[in-house]
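To start, the structure itself, in C-alpha cells.
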Amino acid sequence: MRATIRLASPADQQAQLDDWLAQPSNGRRAVIAESGLMPLEAPDDVPLARLAPGCVCCVGQVPLRVTLTRTVRTHRPHEVLLLLATADHLVRVRALLEDGSVGVRFEVG
C-alpha cells in the first residue's frame with residue numbers, strides 16, 4: 001500500500017486540518033501533527049498522532065519515522081496530513097518522504 005502525504009506548515013494547524021478534511025477523500029485518512037500542547041480536533045474516524053516539537057528531519061527523524069510507520073501499519077490510511085510546526089526544513093522533509101528514508105515511501109502531494 002502506498003499512502004499519499006500532504007505537508008502543511010505552520011500557520012493555523014486546526015484551520016489546515018479542517019480545510020484538508022473538507023476536501024474529497026480517496027479513502028481512510030490519518031493526521032500526524034508536530035506540536036506541543038496546541039489543541040487539535042479531528043473526527044473520531046481520523047486517527048491523530050502527535051510529534052514533540054523539534055526538527056523532524058534532524059533530531060526528530062526517528063520519532064517521525066516511528067510515528068509514520070506505526071500509523072501506516074495500524075490504520076492503513078490512503079492519505080496522511082503531516083502538520084509541521086515550522087517550514088524551515090520543508091524541502092528536506094519532502095525529500096525524506098519521497099525517497100523512503102523514513103521507512104515508508106510516500107507520494108507527496
- [ ] Can you give me the number of residues within the range 39-48 that are under 16 Å from GLN14 (Cβ atoms), open to solvent by less than 100 Å² (accessible area, probe 1.4 Å) and in contact with a helix residue (DSSP H, G or I) (Cβ under 8 Å, 6 or more places away or on another chain)?
- [x] 4
- [ ] Determine the pairs where a residue that is under 17 Å from ALA33 (Cβ atoms), located within the range 59-78, has a partner that is buried (at least 19 other Cβ atoms within 10 Å of the Cβ) and among the basic types (Lys, Arg) with Cβ atoms under 8 Å apart, the partner being 6 or more residues away or on another chain.
- [x] PRO77/ARG29
TODO: Confirm whether HIS89 is modelled with pLDDT of 80 or more, open to solvent by 20 Å² or more (accessible area, probe 1.4 Å) and farther than 16 Å from GLN13 by Cβ.
DONE: no
- [ ] Taking GLY100 as meeting all but one of (1) at positive phi; (2) in contact with a helix residue (DSSP H, G or I) (Cβ under 6 Å, 6 or more places away or on another chain), write down the number of the exception.
- [x] (2)
Open item on the list: Every residue in the range 15-38 that is polar (S, T, N, Q), surrounded by fewer than 16 Cβ atoms within 10 Å (Cβ to Cβ) and at pLDDT below 90, please.
Closed with: SER25, ASN26
- [ ] For GLY60, work out the one condition from (1) touching an Asp or Glu at 6+ places or on another chain (Cβ under 9 Å); (2) within 22 Å of GLY100 (Cα to Cα); (3) open to solvent by 50 Å² or more (accessible area, probe 1.4 Å) it doesn't fulfil.
- [x] (3)
TODO: Of the numbered conditions (1) farther than 14 Å from ARG6 by Cα; (2) in contact (Cβ under 8 Å) with a residue 40 or more places away in the chain; (3) open to solvent by 70 Å² or more (accessible area, probe 1.4 Å); (4) touching a Ser or Thr at 6+ places or on another chain (Cβ under 7 Å), GLU107 fails exactly one; give the number of that condition.
DONE: (1)
TODO: Restrict the check to the range 35-55 and report whether at least one residue is under 20 Å from THR86 (Cβ atoms) and in contact (Cβ under 8 Å) with a residue 60 or more places away in the chain.
DONE: no
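The values are calculated or read from the model by the stated rules, or taken from the named source; none is laboratory data. All of these numbers come straight from a predicted model, not from anything done at the bench. Note that each Cβ is placed from the backbone with ideal geometry, even for glycine, and that neighbours are counted across all protein chains shown. Just the protein is used for accessible areas: all its heavy atoms, side chains included, with ligands, DNA and RNA removed. Shrake-Rupley method; radii C 1.70, N 1.55, O 1.52, S 1.80 Å.
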